[in-house]
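Take a look at the structure set out below.
The values are calculated or read from the model by the stated rules, or taken from the named source; none is laboratory data. Worth saying up front: this structure is predicted, and the values here are computed from it rather than measured. So basically every Cβ, Gly included, is an ideal-geometry build from the backbone, and we count neighbours across all protein chains shown.
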Amino acid sequence: MTERVLIKDLAAHEDGIVRVSGWVEKVRDQRYVQFVVLRDESGAVQLVNGGVLREPDPENPRSDILVPRTTTISELTQGTFITVTGELQHNERVKLGGVEVQIETIDVVAASLPENPVADDSNIDVRLDWRFLDLRRPEQNLVFRVQTTFLNALRQVWIERDFIEIQTPKLMASASESRAELFEVEYFEGKAFLAQSPQFFKQMAQAAGFGGIFEVGPAFRADHSFTSRHATEFTSIDTEMSWIDSHEDVMELHEELMVAGLSAVKEKHGEAIQKLFGVEIQVPERPFPRIPLAEAKEIVKERGYEVPRADADMDPEGERQISAYVKEKYGHDFVFLTDYAASIRPFYHMLNEENPELTKSYDLIYNGTEISTGAQREHRIDVLEAQARAKGMDPEELGFYLDFFRYGVPSHGGFGMGLNRVLMLMLGQSSIREVTYLFRGPTRLLP
Ligand code: AMO
């Protein structure tokens with residue numbers, strides 16, 4: 001049997017017999033000719049039956065008749081998976097890729113019900129109910145190709161830097177971030193919690209002498225909100241490294257990763273992204289602008305927006321405003337907000353030596369939305385314990401975590417970044433639902 005050819009490779013393939021497999025996107029059944037648009041994971045091609053004269057057979061003058069129509073094609077429903085062999089013909093007049101395949105054999109592998117529950121204009125909930133059909137759309141396919149390319153580029157940076165990949169447990173005995181967003185699950189006779197972040201375990205790798213580490217894995221937050229940027233389960237990109245001088249070293253790694261990820265995406269998918277999403281991928285210049293949080297709030301205020309609570313983090317409108325300012329002033333899509341007050345940061349962030357009200361931490365904002373939090377961590381056990389107490393935490397409860405620091409840990413820091421948010425902002429999408437393989441929210445556990 002001839003080997004299957006991916007549709008995207010047909011244009012470069014020589015004329016002759018080919019085999020293609022995929023699902024039926026459209027059938028045009030005319031009197032003398034039948035067309036099928038066949039799509040596979042790589043693209044779409046037009047298949048043709050009929051409409052051509054067979055080579056006249058000199059022995060048989062009646063042989064120059066039209067190729068007959070076939071009911072197999074007439075009865076194909078949209079979404080049916082078929083395998084076709086046929087004659088590949090390059091033909092510039094064919095809009096779809098400049099090639100078509102004259103069908104010789106057609107094998108219906110698995111028929112689809114005729115009514116497609118998802119239309120191009122279906123709302124997001126219908127699309128998510130039928131996600132496997134929704135994902136057949138070329139723009140959805142592209143999202144996950146972009147994700148693959150982006151993560152692969154990040155991995156290359158980590159591997160070049162000799163970082164170790166880890167997988168940390170998602171079942172935990174205690175909280176790793178705010179208790180308010182903790183999912184509790186039954187665990188035999190007791191209970192467990194779903195990991196909100198690999199925070200403690202990536203710091204454990206520093207105590208274990210691993211140096212640089214990274215993890216791409218699920219994180220769970222019992223966040224009962226219905227915003228475009230929150231999910232109850234998301235993919236967290238985490239990294240941590242030893243022997244840093246300050247959070248500035250973490251920001252530099254962060255910049256390097258974003259530049260590598262966006263360059264790879266632009267190079268491989270830039271054209272397709274432009275075509276399907278109307279977005280031009282921008283590779284950011286280094287260094288990214290850095291603005292202390294307090295100053296950012298002033299800037300936003302001057303633009304006419306006051307962040308409601310002076311002692312709190314930026315709110316979404318504040319993030320949009322500061323991004324707009326940075327874009328106007330520096331032409332940059334990214335901005336690091338730095339110098340967060342200790343009062344709004346977790347106990348494990350290191351305090352600024354010059355001003356202990358502030359932490360050595362940052363948030364990274366991309367196209368108007370926070371994608372990441374990073375910091376230098378406190379590695380001195382006495383200081384760490386004091387900081388936990390100052391937050392009203394009982395050091396006893398932090399047992400296993402504090403033990404790391406009793407046996408020596410080098411200076412270290414890292415960040416966590418929501419993959420789904422990065423994709424949403426990179427591709428100009430309105431919600432992380434659009435770019436999450438299977439979205440999980442307060443009212444969505446299916447499919
Ligand atoms: P933080 O809580 O800021 O920091 O989370 C880091 C990043 O994770 C993403 N994120 C989310 N994405 C989708 N839905 C959610 N509900 C959600 N919550 C968070 C965001 C956010 O910026 N341990 C620290 C990180 C660190 O310091 O290394 C942490 O978890 O993109």
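Examine region 33-46 for a residue that is surrounded by fewer than 17 Cβ atoms within 10 Å (Cβ to Cβ), on the phi > 0 side of the Ramachandran plot and of a type outside the set (F, W, Y), and state whether such a residue exists.
Checked against the condition, which is being surrounded by fewer than 17 Cβ atoms within 10 Å (Cβ to Cβ), on the phi > 0 side of the Ramachandran plot and of a type outside the set (F, W, Y), region 33-46 yields no hits at all.
Is there a residue being in contact (Cβ under 8 Å) with a residue 24 or more places away in the chain and exposed (fewer than 13 other Cβ atoms within 10 Å of the Cβ) anywhere in region 210-217? Outline the logic, then answer.
Of the residues in region 210-217, the ones in contact (Cβ under 8 Å) with a residue 24 or more places away in the chain are 210-217.
This time we only want the ones that are exposed (fewer than 13 other Cβ atoms within 10 Å of the Cβ), so: none.
No: zero hits.
Restricting attention to region 157-177, which residues are away from the ligand (no atom under 16 Å from the Cβ), over 13 Å from K202 (Cα atoms) and surrounded by 14 or more Cβ atoms within 10 Å (Cβ to Cβ)?
V157, R161
Being under 20 Å from the mean Cα position of the chain (by Cα), of a type in the set (A, V, I, L, M) and in a loop (DSSP other than H, G, I, E, B) is the filter here, so list the residues in region 230-264 that pass it.
Keep residues of region 230-264 that are under 20 Å from the mean Cα position of the chain (by Cα), which gives 230-239, 253-264.
Checking which are of a type in the set (A, V, I, L, M) leaves us with 231, 237, 253, 257-260, 262, 264.
Residue satisfying the conditions is A231 alone.
Determine whether G392 is of a type outside the set (A, V, I, L, M), closer than 28 Å to N420 by Cα, more than 14 Å from the ligand (Cβ to nearest atom) and surrounded by fewer than 13 Cβ atoms within 10 Å (Cβ to Cβ).
Details: of a type outside the set (A, V, I, L, M): yes; closer than 28 Å to N420 by Cα: no; more than 14 Å from the ligand (Cβ to nearest atom): yes; surrounded by fewer than 13 Cβ atoms within 10 Å (Cβ to Cβ): yes.
So G392 fails the test.
Restricting the search to region 183-213, which residues are within 11 Å of the ligand (Cβ to nearest atom) and touching an Asp or Glu at 6+ places or on another chain (Cβ under 6 Å)?
Initially, region 183-213 is screened for residues within 11 Å of the ligand (Cβ to nearest atom), giving 195-203.
Within region 183-213, Q196, S197, P198, K202 qualify.
Search region 373-389 for residues being over 35 Å from the mean Cα position of the chain (by Cα) and β-branched (V, I, T), and hand back the single one that is farthest from the ligand (Cβ to nearest atom). So that I can check it myself, show each step before the final result.
Filtering region 373-389 down to residues over 35 Å from the mean Cα position of the chain (by Cα) leaves 380-383, 385-386, 389.
From what's left, β-branched (V, I, T): 381, 383.
Working: I381: 19, V383: 17 Å.
That would be I381.
In region 350-372, which residue that is charged (D, E, K, R) and either at pLDDT below 95 or near the ligand (Cβ under 10 Å from one of its atoms) (or both) is farthest from A386 (Cα to Cα)?
Quick first cut of region 350-372, residues charged (D, E, K, R) only: 353-354, 357, 360, 363, 370.
Those still in the list that are either at pLDDT below 95 or near the ligand (Cβ under 10 Å from one of its atoms) (or both) too: 363, 370.
Working: D363: 24, E370: 29 Å.
In this case the residue turns out to be E370.
Only one of these conditions is not met by E248: (1) free of Cβ contacts under 8 Å to residues at least 24 places away in the same chain; (2) within 19 Å of S178 (Cα to Cα). Which number is it?
Among (1) free of Cβ contacts under 8 Å to residues at least 24 places away in the same chain; (2) within 19 Å of S178 (Cα to Cα), the lone unmet condition for E248 is (2).
Is there any pair linking a residue in region 413-424 that is surrounded by 23 or more Cβ atoms within 10 Å (Cβ to Cβ) to one that is polar (S, T, N, Q), with Cβ under 6 Å and at least six apart or on different chains, and which?
G413/Q376; G414/T239; F415/S372; M417/S372; N420/T436
Kindly establish whether G441 is of a type in the set (G, A, S) and either away from the ligand (no atom under 16 Å from the Cβ) or under 21 Å from I344 (Cβ atoms) (or both). Let's see the steps before the verdict.
On the way: of a type in the set (G, A, S): yes; either away from the ligand (no atom under 16 Å from the Cβ) or under 21 Å from I344 (Cβ atoms) (or both): no.
Spelling it out, it is not the case that G441 is of a type in the set (G, A, S) and either away from the ligand (no atom under 16 Å from the Cβ) or under 21 Å from I344 (Cβ atoms) (or both).
When only residues in region 7-42 that are of a type in the set (D, E) and in a strand (DSSP E or B) count, which is farthest from S112 (Cα to Cα)? Give the derivation first.
Here is the first cut: in region 7-42, the ones of a type in the set (D, E) are 9, 14-15, 25, 29, 40-41.
The next check asks that each one be in a strand (DSSP E or B); those that pass are 25, 29, 40.
On the way: E25: 11, D29: 18, D40: 15 Å.
Only one residue fits best here, namely D29.
Somewhere in region 238-260, is a residue closer than 18 Å to Q199 by Cβ, within 13 Å of the ligand (Cβ to nearest atom) and in contact with a Pro (Cβ under 7 Å, 6 or more places away or on another chain)?
Yes, there is a match, as at least one residue in region 238-260 is closer than 18 Å to Q199 by Cβ, within 13 Å of the ligand (Cβ to nearest atom) and in contact with a Pro (Cβ under 7 Å, 6 or more places away or on another chain).
Can you confirm whether T359 is without any contact (Cβ under 8 Å) to a residue 60 or more places away in the chain, under 30 Å from Y330 (Cα atoms), of a type outside the set (F, W, Y) and out of contact with any Ser or Thr (no Cβ under 8 Å at 6 or more places or on another chain)? Working first, answer last.
Details: without any contact (Cβ under 8 Å) to a residue 60 or more places away in the chain: yes; under 30 Å from Y330 (Cα atoms): yes; of a type outside the set (F, W, Y): yes; out of contact with any Ser or Thr (no Cβ under 8 Å at 6 or more places or on another chain): yes.
Taking the combined requirement at face value, the residue satisfies it.
Given the conditions (1) more than 16 Å from the ligand (Cβ to nearest atom); (2) surrounded by fewer than 17 Cβ atoms within 10 Å (Cβ to Cβ); (3) part of a helix (DSSP H, G or I), report the number of the one that I273 does not fulfil.
Tallying (1) more than 16 Å from the ligand (Cβ to nearest atom); (2) surrounded by fewer than 17 Cβ atoms within 10 Å (Cβ to Cβ); (3) part of a helix (DSSP H, G or I), I273 fails exactly one: (2).
Out of region 323-349, which residues are more than 16 Å from the ligand (Cβ to nearest atom), surrounded by fewer than 18 Cβ atoms within 10 Å (Cβ to Cβ) and hydrophobic (A, V, I, L, M, F, W, C)?
A324
Taking region 214-229 only, how many residues are out of contact with any Pro (no Cβ under 9 Å at 6 or more places or on another chain) and within 7 Å of the ligand (Cβ to nearest atom)?
The total comes to 1.
If only one of R309, R303, R290, R286 is closer than 18 Å to I344 by Cα and surrounded by fewer than 18 Cβ atoms within 10 Å (Cβ to Cβ), which one is it? First the steps, then the outcome.
Working: R303 fails: closer than 18 Å to I344 by Cα; R290 fails: closer than 18 Å to I344 by Cα; R286 fails: closer than 18 Å to I344 by Cα.
Just one listed residue meets the conditions, R309.
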